[in-house]
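Colleague: Here's a structure for you.
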Amino acid sequence: MSQALPWQQIETVFLDMDGTLLDLHFDNHFWQEHVPLRYAEKHSLGVDAAKTALFPRFRAAEGTIDWYCVDYWSRELDMDISALKREVEHLIQVHPHVAEFLELLNTTGKRVALLTNAHQKVIELKMATTGLAKHFDHLICSHAFQVPKEDPRFWPKLAKADQFDPQTTLFVDDSLPVLRAARNFGIRHLRAVCLPDTRSPRRDTAEFAGIDSFDELLQGLSVSKAAGPSA
């Protein structure tokens with residue numbers, strides 16, 4: 001279990017979506033299995049041949065805003081990626097204790113924002129499926145800034161558009177490159193998710209304090225709520 005957060009010092013909470021609040025199994029299955037399957041059908045290929053054709057293209061886009069862009073992949077692959085996501089939307093699942101955490105967080109008066117690289121169409125699908133949107137003051141999409149969260153240019157752009165104090169901000173994410181970019185910008189309170197995909201092994205969070213589940217953050221948050229806002 002990670003060390004307790006100083007909740008009374010935290011004013012803004014940024015939360016990633018895929019792999020953090022939601023099980024990354026949906027996304028991993030979608031890109032590793034479902035897209036290759038539909039691509040194979042479209043081009044009369046075997047699934048393994050489709051993976052051989054697709055995976056290098058996916059890897060080449062990693063770390064860029066294109067990797068996260070539904071419209072980009074729809075054009076590149078000549079396939080309706082949004083429609084394909086809806087075919088497997090039953091796999092979209094909220095991680096354990098997330099709803100409980102968000103509900104308690106909403107009672108504290110802290111500003112809570114979703115901060116995701118996911119395309120706006122994906123955000124809409126997943127918020128409609130999970131009902132989590134009501135817990136957020138803002139839904140922030142990195143596509144509005146044309147760079148993903150792991151890009152060092154993202155954080156100054158975000159701060160200019162949406163003022164917050166890095167010293168009183170908590171950011172929870174499952175991506176180490178993203179967390180490192182946030183740390184380099186000056187975000188003080190960082191937590192890494194150890195089990196983004198519940199079907200995959202627990203991950204090493206390197207230099208970052210990790211959480212296996214959001215219930216690890218609840219106790220300190222309860223104390224923060226009981227104490228009330230600081231002067």
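Just so it is clear, none of the values below were taken in a lab; they were calculated from the coordinates. As the structure is a computational prediction, the values presented were derived from the model and not from experiment. Glycine also receives a Cβ, built like all others from the backbone with ideal geometry; neighbour counts cover every protein chain displayed.
Colleague: Run the reach check for residue 51 against aspartates and glutamates, Cα to Cα strictly under 13 Å, same-chain hits fewer than 8 apart removed. What comes back?
Modeller: Within the straight-line limit of under 13 Å, residue 51 reaches these aspartates and glutamates: 33, 41.
Colleague: In the structure shown, do any of 126/157; 42/85; 85/134 have a Cα-Cα gap over 18 Å, and if so which?
Modeller: Where the Cα-Cα span goes over 18 Å, the pairs concerned are 126/157; 85/134.
Colleague: For the peptides 128-137, 97-106, what is the packing order when you average, over each peptide's residues, the other Cβ atoms within 10 Å and list the highest mean first?
Modeller: Working: 128-137: 14.7, 97-106: 17.1.
Highest-to-lowest ranking by the protection proxy: 97-106, 128-137.
Colleague: Determine, from the Cβ-Cβ distance of residue 72 and residue 3 and an R0 of 30 Å, the FRET efficiency 1/(1 + (r/R0)^6), rounded to the nearest 0.05. Walk me through the numbers before you get to the answer.
Modeller: Values: r = 40 Å, r/R0 = 1.32.
Efficiency for this residue pair is about 0.15.
Colleague: Still on this structure, I have one more. First check a/c for the stretch 69-174, with a ≥ b ≥ c the square roots of the eigenvalues of its C-alpha gyration tensor; if it is under 1.5, answer rounded, and if not, answer prolate when a/b is larger than b/c or oblate otherwise. Numbers along the way, then the final one.
Modeller: On the way: a/c = 2.62, a/b = 1.25, b/c = 2.10.
Oblate shape, in that a/c is at least 1.5 and b/c is the bigger or equal ratio.
Colleague: Can you run phi through the Karplus equation (6.51, -1.76, 1.60; θ = phi - 60°) for the stretch 8-19 and list ³J(HN,Hα) in whole Hz, with x for Gly and Pro?
Modeller: In residue order, the calculated couplings are 5, 9, 9, 10, 10, 10, 9, 10, 5, 9, 6, x Hz.
Colleague: Quick one: if the Förster radius is 25 Å, what FRET efficiency do residue 45 and residue 87 give, using the C-beta to C-beta distance and rounding to 0.05? Before the final figure, lay out the partial values.
Modeller: On the way: r = 19 Å, r/R0 = 0.75.
In this case the efficiency is close to 0.85.
Colleague: PRE reach from residue 97 (point 7 Å along Cα→Cβ): which of the stretch 1-44 fall under 11 Å by backbone N?
Modeller: Once the point is set 7 Å along Cα→Cβ of residue 97, 1-2 turn out to lie under 11 Å by backbone N, inside the stretch 1-44.
Colleague: Could you please state, rounded to a whole Å, how far the C-alpha centre of the stretch 35-110 is from the C-alpha centre of the stretch 121-198?
Modeller: 18 Å
Colleague: Which label belongs to the value computed from this structure, given these candidates for Cα extents along the principal axes in Å: (1) 56, 46, 37; (2) 66, 33, 32; (3) 47, 35, 35?
Modeller: Of the labelled values, this structure produces (2).
Colleague: Here is a follow-up. Rounded to the nearest 20 debye, what is the charge dipole size of the stretch 10-79 about its Cα centre when +1 sits on each Lys and Arg Cβ and -1 on each Asp and Glu Cβ?
Modeller: Numbers: 6 positive and 13 negative charges, 81 e Å.
Computed charge dipole of the stretch 10-79: roughly 380 debye.
Colleague: Taking loop as defined by DSSP and a crowding limit of 16 other beta carbons within 10 Å, which trypsin sites (Lys or Arg not before Pro) in the stretch 155-224 fit?
Modeller: On the way: sites: 157, 160, 180, 183, 188, 191, 199, 202, 203; in loops: 188, 199, 202, 203.
Answer by residue number: 188, 199, 202, 203.
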